[in-house]
Amino acid sequence: MDQTDPIANYLQIRDELKLYDESLAARPELLVLTKYELPNAEEIATKLEAEAGKPVLRISAVTGKGLPELIRQTNDLLKQTKSEEEKTVFRRIVVPEGESEEET
């Protein structure tokens, strides 16, 4: 992968995730375009949003643009994911003594 076609690179990564494990591709994601200070970055971001069907965060390490929003959205996503994990229900199964299938 290289920087020649960021949209094709994104789509390739999504396809590889699906091939490896569908559940990975189903997880929430943040789509981030770096090097936003470059001249054609807005055009790429707009095309990527259209192709991906989701918003693209635009950031620049050089100017600092978008970094606070990236941190906020990352934090929100982590909180949401943790909250969903906490909803997992566990049920305790009690096996009366002597009825275990395990051999001792």
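Every read-out reported here was derived from the displayed coordinates using simple, explicitly stated rules and does not represent laboratory data. Every value quoted in this text rests on a predicted model; they were computed, and no experiment measured them. Every residue, glycine among them, receives a Cβ derived from its backbone with ideal geometry; neighbour counts consider all protein chains shown.
Were the residues from Ser23 through Gln80 laid out at 0.36 nm apart, the gain over their Cα-Cα distance would be 18.8 nm. Label-to-label distance, Val32 versus Glu16, with points set 7 angstrom from Cα along the beta-carbon direction: 1.8 nm.
Each principal axis of the stretch 6-86 carries a Cα extent, and these read 41, 27, 18 Å when sorted largest first.
Think of the stretch 6-86 as having a plus end and a minus end, set by charges on the Cβ of Lys, Arg, Asp and Glu; of Leu31, Ala52, Thr63, Thr63 sits farthest toward the positive end of this dipole. Checking every one of the trypsin sites (Lys or Arg not before Pro) in the stretch 1-63 against DSSP loop status and a limit of 15 other Cβ atoms within 10 Å picks out Lys35. Cross-link partners for Lys18 among the lysines, with Cα-Cα distance under 24 Å and sequence neighbours closer than 8 places in the same chain left out: Lys47, Lys54, Lys82. Karplus-based coupling profile of the stretch 26-40, in residue order and whole Hz: 7, 5, x, 9, 10, 9, 10, 9, 8, 6, 5, 6, 6, x, 9, with θ = phi - 60° in 6.51 cos²θ - 1.76 cosθ + 1.60 and x standing for Gly or Pro.
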